[in-house]
Every structure is written in structure tokens, then in C-alpha cells.
Amino acid sequence: EISVSKIVVAPVIDGKLTDAAWKTAMQTGDFVQADGNKTVEQKTSAYICYDDNKLYIAFKCFDTGLKDLVAEQTERDGPLWEDDSVEVFLDPTAEQKDFYHIIINQEGIIYDQIVIGRCIFNNNWNCNFEVKTSVENDGWVVEMAIPFSNFIFNSKDSFRLNLFRAKAEPYESTCWSPTYGSPHNPARFGVLKGIQLQNKVTARDFSFGRNYILSDKVETEIENAGNEDKTLTAKLEIIDSEKNSVKSDKQIVIKENSREKVSMDYQLKKDGQYVLKFTVEDPATKIKVYDRAQEFYITPRPDFNQFDSELLTSMKKSEIPIIDAHSHINPDSADTLVKGMDKVGIKMMVDLGKGSSYEKQLIKIEEFKKKYPGRFISFVRIDFKNIEEPDFAEKTIKFLDEAVKKGALGVKIHQAAFMTRKDKAGKRIPMDDARIDPVWAKIGQLCIPILIHAGDPDSFWRKGGVHDKSGVPEKEALMRELENIVSKNPKTIFISAHMGDKPENLVYLYYMLDTYPNYYIDSSARLGEMSQFPNVQELKDFFVKYQDRILYGTDQEDGQDADEMVVFQNRFRLFYETSTRNIPLALYNDAEGKYYYGKGCWLADGLALPKEVLEKMYYKNAMKLIFRK
């Protein structure tokens, strides 16, 4: 915790620490390692001060090997953490929930994002600030001036803040406030006290809406903590890919000591790239209360006449053996699916069940072994309804021991287990409930993986979505709980279903996969979300980079005949194996057996993954995890 001083004359942002402001600024002291160890190879210190409009932060990165500085990244929002860089983590509300994250490399290139609930990473947000860097004889300097109008914050006098430095060669990571683990942990940020702003009007919430091709609105909540009414001007500008601009503004009055919702309607009239800029300003003082710009890409609507549906029925049997790691099959109705499996080239399917008693699950394992030896892999489900019983863990572990002896090779956790299940007091049971800890640990000891469905697509929580006003917890809470159990159980393998339940946010998946070696994902049932990526190459690069950590899955269910299964599976194969354009995500066949597009169907462009990537995703990764015992 430190108290920061207010300055009268702002420093010139030129990458030098010669201004008078830095002489009186608060100095953090030497950085330490993330675990608190004070022994570091390269010293770093930082300076902080502020005025009514901006927060000023400077880093002095001492370095005895300047010739080895790494600054390979040249584009905004690239992986700057691979370079020599500094990082600012700022939680202006001090609520330890959401925060802003800025990275600057030695050349002054910027990475910036908003992190919501430690799990939703939005790097479309661009911070409007000044930054300069310079190299000196004994190290390098970063100097920045960040307007408070970039942030949503409250009227209190303290922020939560952390500062990091990454040394690329040889690698060293140091910080001001030790996090003892992931740096994305606002509870471990330091406290910045003493911020007294003249402006008592602040933004408390913000949304750009859903960004569809229809009327929508930008909305924020403004708090006036002062003792007099404030008249403000809200401005909205929409810029399309051809640099055409549409502007609008409105006057708003915020009563003293009150909060008011402020909204402005807008419309995105066509597909393509947009930048939306929103500003709330006090016209009397010219101080910006809030200043936000964000890029959006509206995916082109599909042309339903560009796809030859015969591609789905005429695809050759896969030369690469396939294990579908995500399916729900009943042994009584699997005959036709086995025929379909043979046509597609699927050697085995992982049955994740549909929910039944422990006794019935054990019977089902035996039925699969008897009817279809070597074709179906059984995962079992844990029943959490008796979690309040004192012997819950003991009984669950006994069932798992018996299931593994019968032939079970994994555990499936359904999202309903933690979204809606409540205890006798009416409180939701979280994923990271301590009463489940012995069970997670036991699964690791049994050398079997957990395939866990922790959430749903982000759109389910939007206004009008499946989970809007449904009483289920916010997605951020579910993702935090998942990270907690993955972190706490490093010897247990977790396969996060449906592209980690974050198919819209590769940055989150980068973070989880880079941070936790025991975290994997399956690719099931999220082609729709993946089809929305404007840059197919970005998605392909992700699959190539994490080829050792992704399992093929489809969410296949029984009830289809062999030909229907072939069409269902080949949509996924076309997407992964070929560069086919406009692959349909919903096809139906009519009475004559001809396929047509479903209403509102989105189309995807194929990734054409290399053979070595397909081999790992199709079967090698599943073999490695499921048969590792």
C-alpha cells in the first residue's frame, strides 16, 4: 500500500525521468519475484503521481545486458509478454472483480485489454493514453500518462494496482505486489491511496450493446458524487471501414449525489468493420468523464447458394483414425451409429452419458463392453445432490473406484451440476466447494481425466439470452471457479468442453493453456461461435499452436441413422481438414433426401489444418489422456 501525491505541473511524456514531477512522485521501491522472493537479477522501480485528469506512471528498468533486449513485436495487441516489457494492472473500483491491463514493450508498442471477472479478456478495448520509452546507459525507461476518463471507477480515494516487468533473455518476471501465482489476480494487487480528484462525476458501468445489424444502444451509468447538479454532453461517433463517420450528441443532467443511466441509440447498417467512439464530457471544465473506443466486426451474412451439399455426403473415409471425445450414446440404440462410425472412420467414441444413478452407470459400462467391444469409451458422472451428507466424498470415491474397475476411463461433469444446484439453505454449490476437493484429487490419483462443461457461450448471458434473468451465476464466476480447481489440482487432468466454454475469446484460452499444463479443451459443438472469427488464419494459428492440447469432439448423440451421422460428422471434418468456404452449420434433409439450410444458419470457412495437427487432435491426444494409466 502506498499513498500517491498530486502534482501541479504534469511531466512531459518523452521517455525521460528529468521532470520535476518525478522528483516528488511516490516511488514503489524495488520489484520482487511473484512469490515474494526479493532476490532478483535485474532491478526495477516505478514512480506514480497524478493530477485531476491523468495518472502518471514511470518505470526504470535497470539492465546489465542491454544488448540482449528483445523487442520483436511491432503491432498493437501482439504477444508483448514475449518481449522485454512492463505491465500495469489497474482496478479503479477496488472491488477486486474487473481490471484494466496494459503492456508496453521496450520499443513502446502497446497491448491493452479489459479483464472481466479474471476470465473474459477483451483486447478490443484501446486505452487512450501517451507513452514513450528510451534506453539509457544502465537500463531503459517507460513513461506514460493515462487519462482517468479511460476507466470506470468509484468516487473513493483508492485504486488497486499492480506493476510487472518481464525480462525476456534470460527470462525473469518481477512485480511490485507479489501475486503468488497468476498475475491476473486483483485480490493480490497493491493499494494506491490518496487520489483526490476535482471532478466528482465518474462512469460506473458501460455497454456498447450486442453489435448486430439492427438498432442498438450504447449505455453507461454516470455517478455524480458532488453537491451540485452537473450538465454533461454525451457524444457518439460510428466510423465504418471506409472511414465514413456518423456523429450524434445529447445533453444530460445528473442530479447531485445520484446515479443516472445514459443511453444513445445507434445502428450498424451493413456487414464489416466498425469503430464506435463514446465520450461523456463536462462542457464547463472540458474534463472528460468517460472516453471509450472499440472496434467491432459484423460478420457477413451467409450466401446460401455457395455451398455444394454433396461435399458432406461424398467425403472419403478418414485416413486418420478418429476418436470422438464428446458424445452421448445409449447402448440400446447404437447399432446404426456404429455403421456411421465405420463410414466416417471413427474408431472409438467417448460416451459421456446423459445422467443416471450410479448403479445404472455401472450396468451401462458392461453393456458397451459386451455389445461393442473396443468402440465406446465410458465416462461416468458424479451425483452432487448429496454433497451436504458427511460421507459424500467417501461414497463418491467408492463409486469411482468401482467404476474404474468396471472399465470407466474418465469422469464427465455437466454444467447443471454447478449452475443451478443449491444446498438446503438455497445457496448455489460452487465448483470449487471444499467438500469436493477430495474427489478432484482422487480422480487424479486414478489417472483418469475429467471432461468438464463449466458454462455456455457468452451470448447465453446477453439480454434475451438463455441465461438472462434465469438466476444462474454470471459466467465470470463459473470460469473463476473452474480455474480454481484446475490450479488446486495440478495432478488431475481437466478437459474443458466446448472449446473451454470460451470459443469467442482466444485470449482467455491462451491464458489457461499457457498457465496450466493440466488444462486441455475439446472442440465439440462450437462451430457456430468459431465461424464468427473474421480472421480464419487467427483461429488456424490457435489450433496449430495448441495441437497437443485439443481433443476432437462433436457432441454426437444417438437417434440418427448412419447416413445422417455421416453428414453430421463431415461438417466438422470439412471445417478442420479443408479450406472449403461457407460450410453450413445447420442442414436438414427433406422427403427426397436433399439437404437444405436451416433458417438463420451461419456458414464457416474451413481451416485446412496440417496432417500432423489433425492426427493429434483426432486421436493421439485422446489416447494420451484417456489411456495414460
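The values are calculated or read from the model by the stated rules, or taken from the named source; none is laboratory data. All values reported here derive from a predicted model rather than from experimental measurement. Because the Cβ atoms are built from the backbone with ideal geometry, glycine has one as well, and the counts that use them run over all protein chains shown.
As a summary of the residue check, residue 149 satisfies the conditions (1) buried (at least 18 other Cβ atoms within 10 Å of the Cβ); (2) in a strand (DSSP E or B); (3) modelled with pLDDT of 85 or more except for the one numbered (2). Of everything in the stretch 561-584, what is at pLDDT 90 or above and of a type in the set (Lys, Arg)? Give them in sequence order. Of everything in the stretch 561-584, just one residue is at pLDDT 90 or above and of a type in the set (Lys, Arg), namely 573.
Output the residue which, of all residues in the stretch 322-347 that are of a type outside the set (D, E, K, R) and touching a Phe, Trp or Tyr at 6+ places or on another chain (Cβ under 7 Å), is surrounded by the most Cβ atoms within 10 Å (Cβ to Cβ). Don't jump to the end; show me each part of the working.
So the first thing to find is which residues in the stretch 322-347 are of a type outside the set (D, E, K, R), and the list is 322-323, 325-331, 333-334, 336-338, 340-341, 344-346.
Within this subset, residues satisfying the condition of being touching a Phe, Trp or Tyr at 6+ places or on another chain (Cβ under 7 Å) are 322-323, 325, 329, 331, 334, 338.
Details: 322: 24, 323: 21, 325: 32, 329: 26, 331: 20, 334: 22, 338: 18.
Step by step, filter the stretch 322-347, then rank; the result is 325.
In the stretch 127-163, the qualifying residues are those that are among the aromatic types (Phe, Trp, Tyr) and out of contact with any helix residue (DSSP H, G or I) (no Cβ under 9 Å at 6 or more places or on another chain), and the one that is farthest from residue 95 (Cα to Cα) is 148.
A quick yes/no check of all residues on (1) of a type in the set (Ser, Thr, Tyr); (2) more than 30 Å from residue 578 (Cα to Cα):
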position	(1), (2)
313	yes, no
332	no, yes
352	no, no
356	yes, yes
374	no, no
387	no, yes
408	no, yes
413	no, yes
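For the stretch 227-259, name all the residues that are in a strand (DSSP E or B) and of a type in the set (D, E, K, R). Quick ask: steps written out before the conclusion?
We begin by selecting, within the stretch 227-259, every residue in a strand (DSSP E or B); these are 230-240, 245-254, 258-259.
The answer is 230, 235, 237, 240, 247, 249, 250, 259.
Residues that are in a strand (DSSP E or B), free of Cβ contacts under 8 Å to residues at least 60 places away in the same chain and of a type outside the set (Gly, Ala, Ser) within the stretch 42-63 comprise 47, 49, listed in sequence order.
Within the stretch 220-242, which residues are among the basic types (Lys, Arg) and modelled with pLDDT under 90?
The initial filter retains those residues of the stretch 220-242 that are among the basic types (Lys, Arg), namely 230, 235.
Answer for the stretch 220-242, where residues must be among the basic types (Lys, Arg) and modelled with pLDDT under 90: just 230.
Would you be able to say whether some residue in the stretch 476-487 is crowded, with 20+ Cβ neighbours inside 10 Å, free of Cβ contacts under 8 Å to residues at least 60 places away in the same chain and either among the polar types (S, T, N, Q) or more than 22 Å from residue 115 (Cα to Cα) (or both)? Within the stretch 476-487, none of the residues are crowded, with 20+ Cβ neighbours inside 10 Å, free of Cβ contacts under 8 Å to residues at least 60 places away in the same chain and either among the polar types (S, T, N, Q) or more than 22 Å from residue 115 (Cα to Cα) (or both).
Can you tell me which residue in the stretch 499-531 is surrounded by the fewest Cβ atoms within 10 Å (Cβ to Cβ), limited to those that are without any contact (Cβ under 8 Å) to a residue 60 or more places away in the chain and closer than 22 Å to residue 606 by Cβ? Ranking the candidates gives 504 first.
Evaluated against (1) out of contact with any Asp or Glu (no Cβ under 6 Å at 6 or more places or on another chain); (2) in contact (Cβ under 8 Å) with a residue 60 or more places away in the chain, residue 356 falls short on exactly one condition, (2).
Show me the strands (runs of 3 or more DSSP E) found entirely inside the stretch 64-135 where at least 2 residues are out of contact with any Leu (no Cβ under 8 Å at 6 or more places or on another chain). Step through it out loud before you land on a result.
Details: elements: 85-91, 99-105, 110-116, 120-122.
Fully inside the stretch 64-135 and qualifying: 110-116, 120-122.
Just to be sure before I move on: is residue 288 surrounded by 14 or more Cβ atoms within 10 Å (Cβ to Cβ), touching a residue at least 60 places away in the same chain (Cβ under 8 Å) and either under 27 Å from residue 113 (Cβ atoms) or of a type in the set (D, E, K, R) (or both) in the structure I sent? Spelling it out, residue 288 is indeed surrounded by 14 or more Cβ atoms within 10 Å (Cβ to Cβ), touching a residue at least 60 places away in the same chain (Cβ under 8 Å) and either under 27 Å from residue 113 (Cβ atoms) or of a type in the set (D, E, K, R) (or both). Residues of the stretch 152-189 that are charged (D, E, K, R) and in a strand (DSSP E or B): 160, 165, 167, 172. Can we say residue 429 is farther than 30 Å from residue 530 by Cβ, in the same structural domain as residue 529 (by TED's automatic domain parsing), touching a strand residue (DSSP E or B) at 6+ places or on another chain (Cβ under 7 Å) and at pLDDT 85 or above? Yes. When restricted to residues that are more than 29 Å from residue 175 (Cα to Cα) and either at pLDDT 80 or above or in contact with a strand residue (DSSP E or B) (Cβ under 6 Å, 6 or more places away or on another chain) (or both), the stretch 189-201 contains 2. For residue 368, the requirement of being at negative phi and part of a helix (DSSP H, G or I) is met.
Does the stretch 530-542 contain at least one residue that is modelled with pLDDT of 95 or more and over 14 Å from residue 324 (Cα atoms)? Write out each step before concluding.
Of all residues in the stretch 530-542, those modelled with pLDDT of 95 or more come to none.
No.
Exactly one residue among 475, 491, 406 is touching a helix residue (DSSP H, G or I) at 6+ places or on another chain (Cβ under 8 Å) and under 20 Å from residue 184 (Cα atoms), and that residue is 475. Tell me, please, whether a residue that is closer than 20 Å to residue 135 by Cβ, modelled with pLDDT under 95 and polar (S, T, N, Q) can be found in the stretch 71-88. The answer is yes; a qualifying residue exists.
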